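These notes are about the structure you will find just below.
The values are calculated or read from the model by the stated rules, or taken from the named source; none is laboratory data. Remember, it's a predicted structure, so these values are computed and weren't measured experimentally. Here the Cβ positions follow ideal geometry from the backbone for every residue, glycine too, while neighbour counts run over all protein chains shown.
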Amino acid sequence: MSNPGAIPPAAAVLSWARDLYARAVDQKDARGFAQAFTADASLRFGNSAPISGRAEIETAIAGFFNTFATLRHEEKAAHLAGETLILEAVVTYRRHDGGIVSVPAVTIFHLVGAAADKPQHPLADECRIYVDLTPLYAPA
């Protein structure tokens, strides 16, 4: 793992999180999302097995993004408590069949510092995403 700098101030972290979702996640940019992680980070999506490593996170998220047409996060709450960032949102997916599904979601990041070249951008070594995707994959 690289030696990240200090975690940025709360306002910068919350701004970074909003930008990450607008610029990367809601644009289905798996590489952009993966850049938020340390090289040896882990991501756990619901009750799936954890994914370890930035490259593996990128691959898994790219595969997930391919299972629907679009998505959009509507922020409901964001909290930073020490090294823990908690994001609550309603996520609206457009399925490949054109159907629209909205579900609540919570994402929890464990932050370990900031990127050396972007001191206002935190890095996460762990992420847990909690969302019930049953409606997204239910038959139309």
Does segment 86-137 hold any residues that are among the small types (G, A, S) and in contact with a Leu (Cβ under 7 Å, 6 or more places away or on another chain), and which are they?
G113, A114, A115, A124
Being of a type in the set (S, T, N, Q) and free of Cβ contacts under 8 Å to residues at least 60 places away in the same chain is the filter here; which residues of segment 56-68 pass it?
T59, N66
How many residues does segment 25-57 contain that are charged (D, E, K, R), in a helix (DSSP H, G or I) and surrounded by 15 or more Cβ atoms within 10 Å (Cβ to Cβ)?
3
Write out, first by first residue and then by second, each pair whose Cβ atoms fall under 6 Å of each other, whose residues are 6+ apart or on separate chains, and whose first residue, in segment 41-55, is without any contact (Cβ under 8 Å) to a residue 40 or more places away in the chain while the second is of a type in the set (V, I, T).
I51/I57
Does L71 satisfy the condition of being surrounded by 13 or more Cβ atoms within 10 Å (Cβ to Cβ) and within 30 Å of A6 (Cβ to Cβ)?
no
P139 fails exactly one of the following numbered conditions: (1) assigned to a strand (DSSP E or B); (2) modelled with pLDDT under 95. What is the number of that condition?
(1)
Only one residue in A78, A22 is surrounded by 14 or more Cβ atoms within 10 Å (Cβ to Cβ) and either assigned to a strand (DSSP E or B) or not β-branched (V, I, T) (or both), so which one is that?
A78
Tell me yes or no: at least one residue of segment 114-122 is assigned to a loop (DSSP other than H, G, I, E, B), touching a strand residue (DSSP E or B) at 6+ places or on another chain (Cβ under 8 Å), surrounded by 14 or more Cβ atoms within 10 Å (Cβ to Cβ) and not polar (S, T, N, Q).
no
Assuming I7 fulfils every condition listed in (1) at pLDDT 95 or above; (2) surrounded by 15 or more Cβ atoms within 10 Å (Cβ to Cβ); (3) among the hydrophobic types (A, V, I, L, M, F, W, C); (4) not in a helix (DSSP H, G or I) apart from one, which condition is it?
(1)
